[in-house]
Structure formats: C-alpha cells, structure tokens
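Colleague: First the structure, which I've put down as structure tokens, then a few questions once you've had a look.
Nothing in this text is a laboratory measurement; each read-out follows from the coordinates by a stated rule. None of the values given here were measured: they were computed from a predicted structure. Cβ coordinates were reconstructed from backbone atoms using ideal geometry, including for glycine residues, and neighbour counts include every protein chain displayed.
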Amino acid sequence: MELETSYTFDAAHRIRGHAGKCAGLHGHTYRLELTVSAERLDPLGMVMDFEDLRELVRKAVLDRWDHATLLAADDPLAEAIASVQHEAPDRVVRLDGHPTAERLTREAWSAIERALPAHVRIERVAIRETPTSGSALARLRP
Ligand SMILES: [Zn+2]
C-alpha cells in the first residue's frame, strides 16, 4: 500500500554557467511530492500517520530549504550572500553541485529515506519548480 503526500517550499537558486535565464538568482515555490509504502498496514490501518510523515519531511528537508538560497558549494554567490545576511546564516544552503530540480530530488530522497521508520519504504520523490516542470525519481519495480 502506498501513501502520497505533497509539500511546498519557497527557495531561491541559480544555475551558474547556464546559458539562459537560470544563471541569474531567482526563486520558485517548489512542490515536493512524496510516495512511501509499507508491506503491511499498522494496527490503525495506516502505512504511517500523515502527520508523522509531514513532521519527518519538515525536519529532513523543509526546515533546511524553505526560505533559503540553494547554491552550488563553489558558487561565489553563496559566500557573498552569507557575508551580508547575518540575520539568517543558515539560509544559504551549499549543495554538492548545481541546485537543479534533479539534484534537489536526489537530496530529498536521501534525507527522507534516512528518516523513515524501518517498515516504511520510499517509492517516489518529485521536485517541481513550476506546475509544468520538474524532476522525479522512483524506485525501479522488479
Ligand atoms: Zn529556477
């Protein structure tokens, strides 16, 4: 049985070296879609409690990325913003590569997978930058 949830967060990013408009700092209201599953339901008939899953996703992903600037670790803009944004030093997130939807999808997958209870499996994560564009990663079915 699968459980599907979605979340939104607001963040800025840029793709340094991009030939088009994504090279400039800009923001999205991102949408994170998550599907998890369990072989058997718990005594209440649930894969897991929606609120527990929300709390888990909030701690694993949203608390770090919401209202943050997501940049590649070697992007000089990261240091520049951090040096003047003293009120929120943790709101510049340095990623191990360009902050594309694809990378955010992988990062979200890893962070959520680590936090899930043992009986719950991650099945799919999608990160949408706009209603029509995004990235998804799904477990391969045998
Ligand atoms: Zn963008």
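Colleague: Nearest 500 deg cm²/dmol is fine: what mean residue ellipticity at 222 nm does the chain get from its DSSP H runs of n ≥ 4 alone, each adding -39,500 (n - 2.57), divided by its residue count?
Modeller: Mean residue ellipticity at 222 nm (helix-derived): -7000 deg cm²/dmol.
Colleague: For the chain, how big is Rg over Rh, using alpha carbon atoms and the Kirkwood form of Rh?
Modeller: Answer for the chain: 1.02.
Colleague: Between Ser110 and Ser6, what FRET efficiency comes out of the Förster formula 1/(1 + (r/R0)^6) with R0 = 25 Å and r the beta carbon distance, rounded to 0.05?
Modeller: Computed FRET efficiency for Ser6 and Ser110 comes out at 0.85.
Colleague: Applying 1/(1 + (r/R0)^6) with R0 = 22 Å to the Cβ-Cβ distance of Ser135 and Ser37, what FRET efficiency is obtained, to the nearest 0.05?
Modeller: Here the calculated transfer efficiency is 0.60.
Colleague: Still on this structure, please answer the following. If you keep only loop residues by DSSP, which GluC sites (Glu not before Pro) in segment 1-58 have at most 15 other Cβ atoms within 10 Å of their Cβ?
Modeller: Glu39
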